[in-house]
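I have placed the structure first, in the form of structure tokens, so that the comments after it can refer back to it.
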Amino acid sequence: MPWTWWHTLPNAITSVRLLLAVACLTLLVVIAGQPLVERAAAGSWAISIFIVAGLTDILDGHLARRWNAVTPFGRVMDPFVDKVLVLGTFMLLAGPGLGDGPHGSGVAPWMVVVMLARELLVTSLRGVLEGMGRPFPADRFGKAKMFLQSVAAPMAINMASHGWFAPAETGRALAQWSLWLAVAATALSGLPSLARAAGLLRAGASR
């Protein structure tokens, strides 16, 4: 199939997602400096932008595989933008103005450390293995982790801003459970990656 204009569309979507990530993070910075009663509008926008950005992640990957349009740019930028969006969101939600107080996001700094450590570990393993010519794509555990993080983050934004609605006791409990589930999935999803990487390294050493 000749290279046509639509083969650039997945990369264009990835680039737009980076802009959406920056917009979402900017809104969170703005919200952190506002009193709770003034946060709803910006919070609603931040939640909506995060969700749209998450949906574009599904779309560009699907199109790239369907049209055989996987490029080096996409292989690098797609996971990079995901981490900017998700980790950046959780970092700000754990920071001053958003993570503290009775109306905080519920995101604790140690939760962000767990998420960041997992991403650094897997990214380092991927760099070593792919440098050896051994592909190390994301597995189903990593994709499940990403899904749960993408559910927990908007709920945490809403907790800190009352963007879409002011959470009642049940809503706050649901948001907290989704956050704990996302953190647990993040930590546990690193174990299969470690096992898979160890197997590939052993296989490479035995050659």
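Read-outs throughout are calculated quantities, based only on the coordinates presented, and are distinct from any laboratory measurement. Here the structure is a predicted model, which is why all the values come from computation and not from measurement. Methodologically, a virtual Cβ is constructed for each residue, glycine included, from the backbone with ideal geometry; neighbour enumeration extends over all protein chains shown.
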> Restricting attention to the range 137-166, which chymotrypsin sites (Phe, Trp or Tyr not before Pro) occupy a DSSP loop and are surrounded by at most 13 other Cβ atoms within 10 Å?
Replying inline: Phe165
>> Could you list Thr170, Thr186, Thr8 so that the one with the fewest beta carbons within 10 Å of its beta carbon is first and the one with the most is last?
In response: Thr170, Thr8, Thr186
> With charges set only on the Cβ (+1 for Lys and Arg, -1 for Asp and Glu), what does the dipole of the chain come to about its Cα centre, in debye to the nearest 20?
Replying inline: 800 debye
> In the range 5-205, with Lys and Arg counted as +1 and Asp and Glu as -1 at Cβ, which of these residues, Leu188, Gly95, Ala40, has the Cα nearest the positive end of the dipole, that is, farthest along it?
Replying inline: Leu188
> How far is helix 169-205 tilted, in degrees, relative to the longest principal axis of the Cα atoms in the chain, given as a value from 0 to 90 rounded to the nearest 10?
Replying inline: 20 degrees
> When Rg is the radius of gyration of the Cα atoms in the range 47-195 and Rh is its Kirkwood radius, what does Rg/Rh come to?
Replying inline: 1.00
> Using every alpha carbon pair in the range 67-138, what percent of pairs falls into each 5 Å bin from 0 up to the bin containing the largest distance?
Replying inline: 3, 14, 19, 19, 14, 11, 8, 6, 4, 1, 0
>> Using only the alpha-carbon atoms, how far is helix 140-161 inclined from the longest principal axis of the chain? Give it as 0 to 90 degrees, nearest 10.
In response: 20 degrees
> What relative contact order, as a whole-number percentage, does the range 5-205 give when Cα pairs under 8 Å and 6 or more residues apart are counted?
Replying inline: 26 percent
> At each listed q (0.10, 0.21, 0.23 Å⁻¹), what is the log10 of I(q)/I(0) that the Debye formula gives for the range 1-120 modelled as equal alpha-carbon point scatterers?
Replying inline: -0.37, -1.11, -1.23
> Considering every Cα-Cα pair within the range 13-56, what fraction, in whole percent, is farther apart than 15 Å?
Replying inline: 38 percent
> Between Ile51, His62, Val84, whose Cα lies farthest towards the positive end of the dipole of the range 19-91 when Lys and Arg beta carbons carry +1 and Asp and Glu beta carbons carry -1, centred on the Cα centre?
Replying inline: His62
> Against the longest alpha carbon principal axis of the chain, how many degrees, from 0 to 90 and to the nearest 10, is the axis of helix 72-93 turned?
Replying inline: 20 degrees
>> What are the ³J(HN,Hα) couplings of the range 22-38, residue after residue, when phi is run through the Karplus curve with 6.51, -1.76, 1.60 and θ = phi - 60°? Round to Hz, x for glycine and proline.
In response: 4, 5, 4, 5, 4, 5, 5, 4, 4, 4, 4, x, 10, x, 4, 5, 10
